[in-house]
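Working notes, structure below.
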Amino acid sequence: MTAPTRPRPRAQDLLPYAEARLDGFLADLAGLVAIDSGSYSPAGVNRVADWTAARLAALGFAVERVTPDGADGETTGDVLIGRRTGRLAAREGGRRVLLAAHMDTVFADGTAAARPFTLQGRLAHGPGVSDDKGGLLAGLTALDILAEAGVEEYAEIVFLATPDEEIGSPVSRPVTERAARGVHFALALECARENGALVIARKGVSDLLITVTGRAAHSGIEPERGANAALTAAHLVVALQALNGRWEDVTVNVGVVRAGTRTNIVCPEAELRVEIRSATTAGMVRARAAIEEAAARPRVPGTSAVVEQLDLCPPMEDTDTTHRMMARARSLGEDLGLALGATATGGVGDANIIAGVGVPVLDGLGPVGGADHTPEEWLDTATVPERVALLATLIATLGSSRHG
């Protein structure tokens with residue numbers, strides 16, 4: 001039997017639900033900020049995970065908790081995946097919507113006690129208040145609202161909370177990719193930009209290691225028998241930095257250079273650590289090819305260079321589907337008096353990983369915040385009700401093709 005059609009929820013209708021939860025939101029935010037949950041503090045991250053899992057379970061989510069295997073002995077907290085089935089099967093127009101937040105911060109143990117949560121006027125301060133505890137809590141509050149309003153017109157909502165986003169998600173990435181496959185839309189819960197804009201694109205990042213091999217020789221007696229790897233590396237630095245400006249929205253940076261051990265030895269080995277950032281996969285491929293070409297033609301006879309990719313985070317590309325999601329968010333925001341802007345950023349996050357498996361992503365759906373990763377980090381609490389109402393309505397409308 002086909003489920004009866006319900007009217008599309010309006011953001012203005014859900015706003016009172018969000019306003020009624022503001023005091024509770026602030027109390028919960030203070031409690032989360034009081035937990036040291038740096039990426040390398042698994043016990044603290046897991047305290048946030050315990051709290052988040054209990055909140056999801058109370059909303060009827062089936063919660064899977066994954067303790068990932070860290071590479072090279074790296075230890076992080078657990079990954080949470082919550083799933084709740086809605087009233088609409090896919091054949092009835094139901095869609096699967098993924099919400100993504102992270103539980104870790106960049107701050108060391110002891111920061112929460114040294115710089116506790118404070119509320120000064122409309123601005124909240126504290127470690128992780130914006131990045132990303134405010135966003136995590138906004139997602140859970142939006143789910144509270146949908147449950148209270150009886151909105152279940154979706155196939156499934158998936159809630160993902162990761163423990164290591166601030167260090168590039170090295171451990172949680174396979175879990176994130178698994179959770180994202182097969183969903184129709186993803187909403188990332190990083191907080192909105194300082195001007196209130198949402199994020200429609202993030203650059204991808206590729207980290208490369210270039211190892212240059214030369215030939216050692218005594219620098220005073222027979223330097224002609226050597227092949228100076230440091231000199232080849234120096235030429236490569238100049239050549240790779242010159243790639244900047246060749247393509248729009250592609251940057252190349254040689255961030256680390258190491259060579260040699262003693263001044264009286266012709267340098268036999270050098271290494272370069274190189275980063276590519278690009279708004280598109282095509283741009284990253286072009287830059288990688290240009291770097292390979294430069295490395296294949298060393299300037300010093302007797303030297304050679306090998307390029308190795310250490311890490312790759314795909315771009316969250318600006319696509320037609322993302323634009324349609326943004327247009328829908330703008331339309332819903334108008335109901336709340338919000339004029340939503342859209343922006344692209346060079347920073348990466350879990351949204352990149354989700355986009356990398358082919359899922360359209362809209363990011364920046366938490367409240368407005370800023371000064372992330374600094375002692376001045378802030379969250380504008382006056383934006384919480386309207387942003388939570390917007391998020392709840394966007395989940396509901398994306399969850400059903402009937403609302404398209």
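Overview of results
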item	result
Number of the exception - ALA327 against (1) within 27 Å of VAL151 (Cα to Cα); (2) in contact (Cβ under 8 Å) with a residue 24 or more places away in the chain	(2)
Meets criteria (closer than 19 Å to TYR17 by Cβ, in a helix (DSSP H, G or I) and touching an Asp or Glu at 6+ places or on another chain (Cβ under 9 Å)) for LEU146	yes
Residues being out of contact with any helix residue (DSSP H, G or I) (no Cβ under 9 Å at 6 or more places or on another chain) and touching a residue at least 40 places away in the same chain (Cβ under 8 Å) - total across segment 247-276	5
Test: residue in segment 318-340 that is within 30 Å of LEU208 (Cβ to Cβ), in contact with a Ser or Thr (Cβ under 8 Å, 6 or more places away or on another chain), of a type outside the set (A, V, I, L, M) and open to solvent by less than 30 Å² (accessible area, probe 1.4 Å)	no
Residue ranges of strands (runs of 3 or more DSSP E) in segment 182-271 with at least 3 members more than 30 Å from GLY364 (Cβ to Cβ)	204-213, 250-259
Of the criteria (1) of a type in the set (Gly, Ala, Ser); (2) at pLDDT below 95; (3) open to solvent by 10 Å² or more (accessible area, probe 1.4 Å), which one ALA147 fails	(2)
Filter result (open to solvent by 20 Å² or more (accessible area, probe 1.4 Å) and either β-branched (Val, Ile, Thr) or in contact (Cβ under 8 Å) with a residue 24 or more places away in the chain (or both)) within segment 227-240	ASN228, ALA230, LEU231, HIS235, VAL237, VAL238, ALA239
Which numbered condition GLU248 misses (of (1) modelled with pLDDT under 95; (2) open to solvent by less than 50 Å² (accessible area, probe 1.4 Å))	(2)
Every residue from segment 292-324 that is assigned to a strand (DSSP E or B) and either of a type in the set (S, T, N, Q) or farther than 29 Å from LEU362 by Cβ (or both)	SER304, ALA305, VAL306, VAL307, GLU308, GLN309, LEU310
Pairs, first more than 30 Å from ARG173 (Cα to Cα) in segment 288-315, second open to solvent by 50 Å² or more (accessible area, probe 1.4 Å), C-beta under 7 Å, six or more apart	PRO298/SER304; ARG299/HIS235; VAL300/ASN228; VAL300/LEU231; GLY302/ARG215; THR303/THR213; SER304/THR213
All positions within segment 291-317 that are in contact with a helix residue (DSSP H, G or I) (Cβ under 7 Å, 6 or more places away or on another chain), more than 28 Å from ASN352 (Cα to Cα) and either open to solvent by 30 Å² or more (accessible area, probe 1.4 Å) or among the polar types (S, T, N, Q) (or both)	PRO298, ARG299, THR303
Residues of segment 345-365 satisfying the condition of being under 13 Å from the mean Cα position of the chain (by Cα) and open to solvent by 40 Å² or more (accessible area, probe 1.4 Å)	VAL348, GLY356
Test: ALA138 is buried (at least 21 other Cβ atoms within 10 Å of the Cβ), among the aliphatic types (A, V, I, L, M), over 17 Å from ALA179 (Cα atoms) and out of contact with any His (no Cβ under 8 Å at 6 or more places or on another chain)	yes
Selection within segment 349-404 - of a type in the set (Asp, Glu), closer than 14 Å to PHE25 by Cβ and part of a strand (DSSP E or B)	ASP380
THR374 being open to solvent by 20 Å² or more (accessible area, probe 1.4 Å) and without any contact (Cβ under 8 Å) to a residue 12 or more places away in the chain	yes
Set ASP380, ASP372: member being more than 17 Å from THR280 (Cβ to Cβ) and touching a Lys or Arg at 6+ places or on another chain (Cβ under 7 Å)	ASP380
Test: residue in segment 41-62 that is modelled with pLDDT under 95, of a type in the set (S, T, N, Q) and within 23 Å of LEU394 (Cβ to Cβ)	no
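The values are calculated or read from the model by the stated rules, or taken from the named source; none is laboratory data. From a predicted model like this one, the values you see are computed outputs, not experimental measurements. Glycine also receives a Cβ, built like all others from the backbone with ideal geometry; neighbour counts cover every protein chain displayed. Quick note on the areas: whole protein, heavy atoms, side chains included, nothing else; ligands and nucleic acids left out. Shrake-Rupley method; radii C 1.70, N 1.55, O 1.52, S 1.80 Å.
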